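Working notes, beginning with the structure itself.
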């Protein structure tokens, strides 16, 4: 957007002031990431920039913290648990979330707004409240402190993201395609996998990526529901900040930031593909 030649002084002022404000907000949001990544290459066991780093001396930079992350049993064990939990929780979130979104998209379903509000409530309710509720519920049914307890808890947190993205994809879905498939003799399962799923697949994958990020980065619920055997990467980072201040945390944070950026970029690509499929400009 360009400033027109006939703009008044007030319009010109707001035009530039708005961009300055946006720049300051962007800097406020991005500054922690910009600081953490260079510090992860610190050659010393400090959380501050050393004189060598500020002078761009190669001796002040090292990969020792990244090496510690991939060789320390505490960190590798936590990484293994995260990789073991997040994909399974994502699959459950995608399955239940997609079915819920398709069901709620039907016009004959009663109380759709109330059901949708309940299903996406894990996004709204504070995590501490959700975690406490899961703790007491899972304790009663014997899932507290177990692998499947953590997986199911993370799946509950990921389902709202899948519902929202799939519902948004279904907005532009042509219902006549499913009716035509039914008239040609296809059963509902065949219609879903052959007609509906290929068209809403970008939304499903986007929701799955959000669910994966939520599970991989979550720490509050796993502190309540998990046990020492399910110590995930964020849990290990939280423990490291409390018990032993190690710059390895900065290396782990940098890796997780890079992973999040890659996944969000993939989500944006899928979003644009979904819009092209639905003919949305």
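What follows draws every value from the coordinates through simple rules; no lab data is involved. Please read these numbers as outputs of a predicted model, since none were measured by experiment. When we count neighbours, we look across all protein chains shown, and the Cβ atoms used for this are built from the backbone with ideal geometry, even at glycine.
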Checklist entry - Separation of segment 73-142 and segment 1-53 by C-alpha centroid, Å? => result 35 Å
Next on the checklist: If I take all pairs of Cα atoms in segment 25-105, what percentage of them are more than 17 Å from each other?
Outcome noted: 68 percent
Checklist outcome for this item: Listed residues 205, 164, 118; largest mean-square fluctuation, Gaussian network over the chain with Cα springs below 10 Å, found at 118
Checklist outcome for this item: By the Kirkwood definition, with r running over pairs of different Cα atoms, segment 159-281 has a hydrodynamic radius in Å of 17.2 Å
Checklist entry - Given the Cα-Cα distance of residue 13 and residue 64 and 0.36 nm per residue of separation, how much length would full extension add, in nm? => result 13.4 nm
Next on the checklist: Please arrange 16, 147 by how many other C-beta atoms lie within 10 Å of their C-beta, fewest to most.
Outcome noted: 16, 147
Checklist outcome for this item: Subtracting the Cα-Cα distance of residue 260 and residue 148 from 0.36 nm times their residue separation yields 37.9 nm
Item to check | Extension reserve of the residue 76-residue 276 stretch, reckoned as 0.36 nm per residue once the Cα distance is removed | outcome: 67.9 nm
Item to check | 10 °C / 1.306 mPa s Stokes-Einstein diffusion coefficient of segment 1-69, Kirkwood radius on C-alpha pairs, µm²/s | outcome: 104 µm²/s
Checklist outcome for this item: Ordered by fewest other Cβ atoms within 10 Å, a rough proxy for footprinting exposure, 35, 189 read 189, 35
Checklist entry - For the chain, what relative contact order do you get, as a whole percent, if you take Cα pairs closer than 8 Å and at least 6 residues apart? => result 27 percent
Item to check | Rounded FRET efficiency, nearest 0.05, which uses the C-beta distance separating residue 171 from residue 113 and R0 of 25 Å | outcome: 0.95
